[in-house]
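Colleague: Sending over a structure as structure tokens; questions will come in a sec.
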Amino acid sequence: MKIISWNVNGIIACRRKGFLRFLADTKPDIMCCQEVKTKCALNTPGYQQFWNPAVRPGYSGTLILAKQEPLSWSTGFGNGKFDEEGRLITLEYADYYIINVYVPSVHPHNSPDRPDFRLEWDEALREYIANLPKPVVLCGDFNVTHAYIDSYPENGKNEPDNPLFRSEVRDGFDKLLAAGVVDAFRVLNPNKEGAYTWWGPKNKNRAENRGSRLDYFLVSGELLSFVQSIRFHKDILASDHCPISMLFYPIRPKRELDDEDMTAITPKTLIQPCGTCGKQFKILDSDLLSEVSKQTAEHDKPFKEGYLPSADVLYREQSPRHYSQGNFLPGEGGDGPPGQ
């Protein structure tokens, strides 16, 4: 299974810049989009569309495109205070949930109450995940650089003495990880530097890779072994974020076989007599019956023509299957050719 997450920075603009071409080229099983800003017509044959636009036009919003129909789907936390911005979609499958999130950002130009809103939203996300009865694959734009390695070294907010680095936002991300999800990329690439997913619009930030890692795949611990790889598609320039993809192969545990299963898989023993000499041999699969019938027909042919070869020649050359494989029943000449 391939899952892609992408902050498209406006789905209409991204569509003009090649969104549908990228979808066709990469063929993900699930595409999670953030900051769609509006709901619009998308020609996505083979995909079901699950939208959660914000109440406010031209702002926020999320979208999931999925090939496989989920058991159920929902939007938001069920709390109007947090849900009107369209920041979360959940798809339920048999063994796990796929959750697409667009976490609120905090900027100096925000209203004074916005930082508190962000912290409350983070807490609501932790509680939401904790109450789900299945493991989760959580992906999206989390609007946080978790560690020094996740941001370009010369970024002013990445200085160790800057209180913004050890901010409450990063502390909230630590609490999310402590709740039982794992940063899959960092587990696979613990020391990889320059792995960024967002670049500011000024100067040559993207060309010089002066960015930050704001987009993540977080998976429940029990699903981590199913993660094969994570890729950053930095060559896709249709947004200020690049898409990130994860190859994910969930394997359902084998259940113990019951009596009905054993009956279904146990081969039936069939008895096939030689048409002339009466010797009997056993076969374990009805599909072999036609093959054995052909062999016994060849075995019968010399007798019908009046030619009686020696038993050893007959069973070695005319019917090698029920001679060489020792498939005679006990007491019916199973230790060698007839007459021995």
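The values are calculated or read from the model by the stated rules, or taken from the named source; none is laboratory data. What you see is a predicted model, and the numbers here were worked out from it, not measured in a lab. Reconstructed Cβ throughout: ideal geometry from the backbone, glycine too, with neighbour counts over all protein chains shown. Areas reflect the complete protein model, heavy atoms only, side chains present, ligands, DNA and RNA absent. Shrake-Rupley method; radii C 1.70, N 1.55, O 1.52, S 1.80 Å.
Colleague: If you scan the stretch 11-35, which residues turn out to be open to solvent by less than 10 Å² (accessible area, probe 1.4 Å) and either over 21 Å from E69 (Cβ atoms) or of a type in the set (F, W, Y) (or both)?
Modeller: I11, C14, F19, Q34
Rundown of residues vs (1) farther than 20 Å from K37 by Cα; (2) open to solvent by less than 60 Å² (accessible area, probe 1.4 Å); (3) assigned to a loop (DSSP other than H, G, I, E, B), yes/no style:
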residue: R56; (1), (2), (3): no, no, yes
residue: S60; (1), (2), (3): no, yes, yes
residue: I64; (1), (2), (3): no, yes, no
residue: G78; (1), (2), (3): yes, no, yes
residue: K81; (1), (2), (3): no, no, no
residue: L91; (1), (2), (3): yes, yes, no
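Colleague: Does G46 qualify as being without any contact (Cβ under 8 Å) to a residue 40 or more places away in the chain, in a loop (DSSP other than H, G, I, E, B) and within 20 Å of the chain's Cα centre (by Cα)?
Modeller: yes
Colleague: Working carefully through the options K67, K27, find the one that is under 24 Å from D235 (Cα atoms), out of contact with any helix residue (DSSP H, G or I) (no Cβ under 8 Å at 6 or more places or on another chain), in contact (Cβ under 8 Å) with a residue 24 or more places away in the chain and of a type in the set (D, E, K, R).
Modeller: K27
Colleague: Here is a list: D95, D116. Which entry is open to solvent by 50 Å² or more (accessible area, probe 1.4 Å), modelled with pLDDT of 90 or more and part of a loop (DSSP other than H, G, I, E, B)?
Modeller: D95
Colleague: Please count how many residues of the stretch 200-246 are surrounded by 13 or more Cβ atoms within 10 Å (Cβ to Cβ) and under 15 Å from V8 (Cβ atoms).
Modeller: Within the stretch 200-246, residues that are surrounded by 13 or more Cβ atoms within 10 Å (Cβ to Cβ) and under 15 Å from V8 (Cβ atoms) number 12.
Colleague: Looking for something within 20 Å of L119 (Cα to Cα) and not aliphatic (A, V, I, L, M) - is there at least one such residue anywhere in the stretch 186-208?
Modeller: no
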